[in-house]
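Following: one structure in structure tokens, then a few remarks.
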Amino acid sequence: MTEEKKEMDLMVLLEEKRVFKPSEEFVKQTNVKKWMDEHNIKDYDELLKKSGDNPEQFWDERAKDLSSLNGYSKVMEWNPPYVKWFVGAKYNIVNDALDRHVTDGKKDKIAYIFEGEHGDVRKLTYNDLYIEVNKLANALKNLGVKKGDRISIYLPMIPELPIAMLACAKIGAIHSVVFSGFSALAFRNRVNDCESKIVITCDGFYRKGKIVDLKKQADEALENAPTVENVIVYKRTGNEVGWNEKDHWWHEIVKDMPETCETEKIDANDPLYILYTSGTTGKPKGIMHAHGGYSVGTASTLNWVFDLKENDVWWCAADIGWVTGHSYIVYGPLILGVTSVMYEGAPDYPAPDRWWSIVEKYKVSVLYTSPTAIRLFMRHGEEWVEKHDLSSLRLLGSVGEPINPEAWMWYYKYIGREKCQIMDTWWQTETGSFVISPLPITPLKPGSATKPLPGFRAEVYNEGGNPILNAGGNLVLLNPWPGMLRGLYKAPDKYMETYWKKFPDTYLAGDVARKDDDGYFWVQGRADDVLNVSGHRIGNSEVESALVSHPKTAEAAVIGKPHKVKGESLIAFVVLKEGIEPNDELRIELRDHVGKEIGKIARPDEIWFVNDVPKTRSGKIMRRVIRAKAIGAPVGDISTLANPESVEEIGRAK
Ligand code: WT7
């Protein structure tokens, strides 16, 4: 089919059925409809209204439906900007995610079907997982780990990653997972920020047919990480690695450990994990989540939005290094006792149909991915999809950035075969769980994440703090919700300043959104100086600091430009130090330098050398102006600039 014809077909579909309604037959069988019937709620609007009128009662019921939380004196205690859920309950999320399944009939059910990049397969039952977690938890205790200690985990997508997380949580330690694609230096900063006592990593992993030498990166990071006392190394690839005094092989320290380990009962509001995310400054923020509320938030949203049932095979194709994986590969699915697929490698390795072969092979019934992945497959063409039988799929999902209608339609048509509704879930590391998202019963408008889920309240505010319709404004959340962050690790002022200062007692998401006449939300992108590259947050200033840390750079300004696959691509304008000659070699050197400082994902796609970057009189880089100039849009008011002549140079930059 020609490109034009294909595009026309998709557009016709879009025009014809602007609103996509699920079939009645499908609705009848959903978890949410069953719950509504039990509660005498007749439709979606009434569900939203009832849960909205009394959110505490709603969450109390959901906690009772899905968790073992009990003994709390209050459902919620709101002391802005801090919230506590299920106050007074003694609890541990591992009890719900793992321990109880060993006795509730799920013992032999598969928790994870793991496929390595070169085709190795491991299937772990809930009991297997339980034993592995207990052994590692005992080994951690032997190494002196106590409740509240921080443990940094630097592992790829292998079952040992959830095992390590659960082992920490089980004994009340706080895990901090760092995405294995982050560099040694990025890892070091995160280890040092939370003063980790233990690091858990592996020798290497497979990516695009090659071995990534993760141990080497960990070693480099740990050259300067004084709080780390012990390092646990899982053997994944068997490649040769350097060895230090603090290192222990995973298989050796768990070898003689008992297969049971008591799950520490802690306060429901004690921290479960710290996960770093980019903000508007060069330093990542340590988002903290607690055991109790987070468990109800993730399990409850997953149960309704993706409608998971006993025989489903769930595949959240994200990396556990991001919040998507924490909530919807590890905690949510395990609490629901679901079977999940986990894949180690690159989506197009060895060929662009790798994912579709996985869907076919394991009969995946619900698939959750990102617009950037969909656009990547779209670019390869549907021939790769059509080689496989995808009839097991019954529901699809999207996350990470607004999904453009073309990608939505392609996903709907080729992956969903026009039979699967698409759940476009808006949320953040901070929210812990989906916030604005359709339920499987919600009529869909491609490109809109639809409405806040039951129990959540969102609005779009103008600068004066009043709700507005049909215009872009600040996306805010009005009531606290169970998965709400408990704060930023050791940064209470930043917490206040980032989320709660602009509108009192109101959570500022940092996104621009529009609410339409039907109450549907259209998220447009970040409002602050944070970029969204392939569905991941990268702070402009983070990349700028990395560039400036290079000895030849004097100054740098980084902006995002629309990109066909990645959503946004990074463009850097660099001012070199006196006497340094700009050339292509230096471009490569700078790109690699950013890769070393942060990780490959943050490497600029283009680097332009300039003599100056537009700045205000107070010295603040005017990224808005640079971006406009770089993409050829009107630059607007530049009267506050100290150096207006620099704007023209941006346009001419080489
Ligand atoms: C930011 C959060 C939440 C897991 C993945 C990213 C953007 C996320 C959507 C969506 C439009 C979205 C927002 C948000 N975002 N999902 N469905 N539609 N935008 O987590 O790194 O914390 O980033 O991602 O800008 O603020 P994160």
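The values are calculated or read from the model by the stated rules, or taken from the named source; none is laboratory data. The structure presented is a predicted model; accordingly, all values stated were derived computationally and were not measured. Neighbour counts run over all protein chains shown; Cβ positions are idealised from the backbone, glycine included. In case anyone asks, the SASA skips ligands and DNA or RNA and just uses the protein heavy atoms, side chains included. Shrake-Rupley method; radii C 1.70, N 1.55, O 1.52, S 1.80 Å.
Remarks
- Rounded to whole Hz, the Karplus (6.51, -1.76, 1.60) HN-Hα couplings of region 596-604, x for glycine and proline: 6, 6, 10, x, 4, 4, 9, 5, x
- Sequence-ordered 3J(HN,Hα) estimates for region 607-618 from the Karplus curve with 6.51, -1.76 and 1.60 and θ = phi - 60° stand at 10, 10, 9, 9, 8, 6, 10, x, 9, 7, 5, 7 Hz, glycine and proline given as x.
- Under 19 Å from the Cα of K387 - aspartates and glutamates, other chains or at least 8 residues apart: D348, D353, E360, E418
- Distance in nm between pseudo-label sites at S392 and K107 (7 Å out along the Cβ direction from Cα): 2.6
- Linear extension gain, E578 paired with K265, 0.36 nm per residue minus alpha-carbon span: 106.6 nm
- For the chain, the per residue solvent-accessible surface stands at 39 Å², with DNA, RNA and ligands left out and a 1.4 Å probe.
- Among 481-488, 62-69, the peptide with the highest mean count of other Cβ atoms within 10 Å heads the list, and the full ranking is 481-488, 62-69.
- Greater than 24 Å apart at Cα, pairs in K42/K451; K216/K600; K21/K561; K170/K283; K235/K361: K21/K561; K170/K283; K235/K361
- Here the Karplus curve 6.51 cos²θ - 1.76 cosθ + 1.60, taken at θ = phi - 60°, turns the phi angles of region 163-172 into couplings of 4, 5, 4, 5, 5, 4, 4, 4, 9, x Hz, with x standing for Gly and Pro.
- Heavy-atom accessible surface of the chain: percent carbon and sulfur, 1.4 Å: 49
- Long-range HN-HN contacts of G487 with modeled amide H, under 5 Å: M288
- Other-chain or far-sequence residues with amide H under 5 Å of A449's (modelled H): F521, V523
- Packing here is the average count of other Cβ atoms within 10 Å per residue, and on that basis the peptides 45-52, 119-126, 435-442, highest first, run 435-442, 45-52, 119-126.
- Of the trypsin sites (Lys or Arg not before Pro) found in region 187-258, those in coil by DSSP whose Cβ has at most 10 other Cβ atoms within 10 Å are K255.
- Filtered GluC sites (Glu not before Pro), region 185-287: DSSP coil and at most 16 other beta carbons within 10 Å: E195, E223, E229, E240, E245, E259, E262
- Distant-in-sequence amide H partners of V635 (H built 1.01 Å from N, under 5 Å): none
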